[in-house]
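The values are calculated or read from the model by the stated rules, or taken from the named source; none is laboratory data. If you're wondering where the values come from, they're calculated on a predicted model, not measured in any experiment. Virtual Cβ from ideal backbone geometry, glycine too; neighbours counted across all protein chains shown.
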Amino acid sequence: MTAPRVPMTIEQPAPTAWPMVLAFGLTLIFAGLVTHVMVSAVGAILTMTASVGWWRQVFPELKVEHVPVREEGVTFPAARSTIARLAPGEEGHRVRIPVAVQPISAGIKGGIVGGAAMAIVALIYGAVMQRSLWYPVNLLAAVAIPRMAEASLDELRAFDLTALTIGIVAHGLISILAGLLYAVILPMLARRHMLWGGLVAPLLWTGGLWAVLGIVNPVLDARVDWTWFIVSQIVYGLAAGYVVWRTEPMATVQTWPLAARAGIEASGKSGSAEAEP
């Protein structure tokens, strides 16, 4: 008597609804910013619960299911005697994209230069349009200081040490972070880096800020001169993009072995040692 034949199966990750729950929770968190704090609280609970649930789907063991496969009419090609495999880093292999990236220092330098150029435009606007160099700084600090958002025009034109400190720190941090994004994103674009970094990117984030600021802080939105704001963002993008673009790129290390990337051994040393007779 022969044993019953076990049907052929394919092992696949078990289905789970936790990614959908996580996405819904994140949506509620941001929706609560313009509705009610309880909406964000519910979103935070769902996000934490979904994160734990999704984690347990993968660790400590991956949850899988075995899907039966119909064998009728299934043909398998004959196995080849030899298989040619691409080694990471060979010409045309996708792990080489991008081949080279800008160093982190390029993003920091670009952010500083772009921030300085944008500050000059802002000061020109304050001196010409508002007759005060302190107006743009106080307006930037109004994002973190509620009293400045409700301040009168004379108060915004006056010197305020707290607003000056917060404005300089906020402007510097945002400029450097944006410069780091330039260093990461621009090498992925095939050409016309100055067009993407100097025009497209500033217009994209300015449009997003314009759409959100009118909902989050209408009082502050009414005080922003969007024409000058767009000009300052384009100046930042051109200056930061130019610095990042002119920096000598460095080859990616994704083709190195794990030990070399972790710093355990030097890249290329083991290969050269084995080649020696």
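Please find, within the stretch 87-135, the residue that is modelled with the highest pLDDT out of those that are in a helix (DSSP H, G or I) and among the charged types (D, E, K, R).
Looking at residues that are in a helix (DSSP H, G or I) and among the charged types (D, E, K, R), I get K109.
Just wondering, is there one or more residues in the stretch 167-174 that are farther than 24 Å from E150 by Cβ and not small (G, A, S)?
Checked against the condition, which is being farther than 24 Å from E150 by Cβ and not small (G, A, S), the stretch 167-174 yields at least one hit.
Scan the stretch 29-44 for residues that are loosely packed, with under 13 Cβ neighbours inside 10 Å, more than 13 Å from I215 (Cα to Cα) and β-branched (V, I, T) and report the count.
1
Consider the stretch 115-141. How many of its residues are more than 17 Å from G172 (Cβ to Cβ) and among the small types (G, A, S)?
3
Would you confirm whether or not the stretch 14-27 contains a residue that is farther than 28 Å from V64 by Cα, under 27 Å from the mean Cα position of the chain (by Cα) and surrounded by 13 or more Cβ atoms within 10 Å (Cβ to Cβ)?
Checked the stretch 14-27: at least one residue is farther than 28 Å from V64 by Cα, under 27 Å from the mean Cα position of the chain (by Cα) and surrounded by 13 or more Cβ atoms within 10 Å (Cβ to Cβ).
Spot the failing condition for R192; the list is (1) surrounded by fewer than 15 Cβ atoms within 10 Å (Cβ to Cβ); (2) at negative phi, and only one is missed.
(2) is the only condition that R192 fails.
I need every pair where a residue in the stretch 8-28 that is under 21 Å from V39 (Cβ atoms) has its Cβ under 6 Å from the Cβ of a residue that is among the hydroxyl-bearing types (S, T, Y) and modelled with pLDDT under 90, sequence separation at least 6 or different chains.
From residues that are under 21 Å from V39 (Cβ atoms), there are no pairs.
Look at A178 and say whether it is closer than 17 Å to A117 by Cβ, surrounded by 15 or more Cβ atoms within 10 Å (Cβ to Cβ) and either of a type in the set (A, V, I, L, M, F, W, C) or modelled with pLDDT under 90 (or both).
yes
Taking the criterion of being of a type outside the set (A, V, I, L, M), within 18 Å of I112 (Cα to Cα) and either surrounded by 17 or more Cβ atoms within 10 Å (Cβ to Cβ) or at pLDDT 80 or above (or both), would at least one residue in the stretch 200-215 satisfy it?
yes
Return yes or no: is I185 among the hydrophobic types (A, V, I, L, M, F, W, C) and in contact (Cβ under 8 Å) with a residue 24 or more places away in the chain?
Spelling it out, it is not the case that I185 is among the hydrophobic types (A, V, I, L, M, F, W, C) and in contact (Cβ under 8 Å) with a residue 24 or more places away in the chain.
I'd like the residue in the stretch 143-167 that is among the hydrophobic types (A, V, I, L, M, F, W, C) and assigned to a loop (DSSP other than H, G, I, E, B) and, out of all such residues, is surrounded by the fewest Cβ atoms within 10 Å (Cβ to Cβ).
F159
Note down all Cβ pairs under 8 Å where the first residue falls in the stretch 33-49 and is at negative phi and in the same structural domain as A23 (by TED's automatic domain parsing), the second is surrounded by fewer than 17 Cβ atoms within 10 Å (Cβ to Cβ) and outside any helix (DSSP H, G or I), and they're at least six residues apart or on different chains.
What qualifies is S40/L33.
I need the full set of residues from the stretch 154-187 which are of a type in the set (S, T, Y) and more than 12 Å from the chain's Cα centre (by Cα), in order please.
If the condition is that a residue be of a type in the set (S, T, Y) and more than 12 Å from the chain's Cα centre (by Cα), then T162, T165, S175 are the ones that fit.
Here's a check for you: in the stretch 228-246, which residue that is of a type in the set (G, A, S) and out of contact with any Pro (no Cβ under 7 Å at 6 or more places or on another chain) is farthest from Y125 (Cα to Cα)?
Looking at the filtered set, the residue picked out is G241.
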